[in-house]
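A short write-up of the structure that comes next.
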Amino acid sequence: MVSRSSICISTSIASLLIPLLFIGIAILQSNWFNIYRNALSDLGHATRSIAAPIFNLGLSLGGVLIIVVATHFLINISRALGVTATISGYSLILIAVFDEVYGKLHFWVSVLFFITLAILLCIYIAVFKGLIKRIAAAITLVIAVVAWILHLAAKILPGAAIPELISIIAIAPFYIDTTIKKACRI
């Protein structure tokens, strides 16, 4: 029989790796994609990208798995963490559902997703002990915010893929730490 802890660990890792794997496959299918000029969501554009089905499937699967982790495991250690992760997972699904064909709607669900990632880091900083981990989370949060400022305001990073990836990389170690080391032990 598979233990609750094993299910938690597997689901947590899959919720992070599946979207990244599918994004990687979509990039390999799209010789036009340029990480410096494009947003990751360009890969999911239903009428312009042959990789759209794989990209959007990966995001939606990842979103579902994040919601499972949030509602079954994270909620047990912090209500704020569980609720915010649920919103984050759902907004990831919405990015896939309302791809770039939907224009501003796609933009706003993407904004919601990345804001929830920042909020998750803030909750991590507020809720968990361990000064070094909290400082590391604060530093990665600042790096992600600066990347978005450079993209949106200064136009130094012309494509959104770089700040998108920085945001995902920023949250990943803390998400894994929270799920595997804390939530999966319950």
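The values are calculated or read from the model by the stated rules, or taken from the named source; none is laboratory data. Model, not experiment: these values are computed from the prediction. Using ideal geometry, Cβ is built from the backbone for each residue, glycine included, and neighbour counts are taken over all protein chains shown.
Please verify whether I162 is in a helix (DSSP H, G or I), surrounded by fewer than 17 Cβ atoms within 10 Å (Cβ to Cβ) and on the phi < 0 side of the Ramachandran plot, treating the condition exactly as stated. Taking the combined requirement at face value, the residue does not satisfy it. If only one of L120, L105, L61 is part of a helix (DSSP H, G or I), surrounded by fewer than 21 Cβ atoms within 10 Å (Cβ to Cβ) and touching a helix residue (DSSP H, G or I) at 6+ places or on another chain (Cβ under 8 Å), which one is it? Checking each option against the conditions leaves just L61.
For region 139-159, which residues satisfy the criterion of being over 17 Å from the mean Cα position of the chain (by Cα) and touching a residue at least 12 places away in the same chain (Cβ under 8 Å)? Selection gives L150, H151, L157, P158, G159. Scanning region 146-159 for residues that are in contact with a helix residue (DSSP H, G or I) (Cβ under 7 Å, 6 or more places away or on another chain) and either among the β-branched types (V, I, T) or assigned to a helix (DSSP H, G or I) (or both), we see that the one that is modelled with the lowest pLDDT is I156. In summary, A46 fulfils each of the numbered conditions (1) of a type in the set (A, V, I, L, M, F, W, C); (2) surrounded by fewer than 17 Cβ atoms within 10 Å (Cβ to Cβ); (3) within 17 Å of A160 (Cβ to Cβ) with the single exception of condition (3).
Residues considered: A138, A85. Of these, the only one that is part of a helix (DSSP H, G or I), of a type in the set (A, V, I, L, M) and within 19 Å of L65 (Cα to Cα) is A85.
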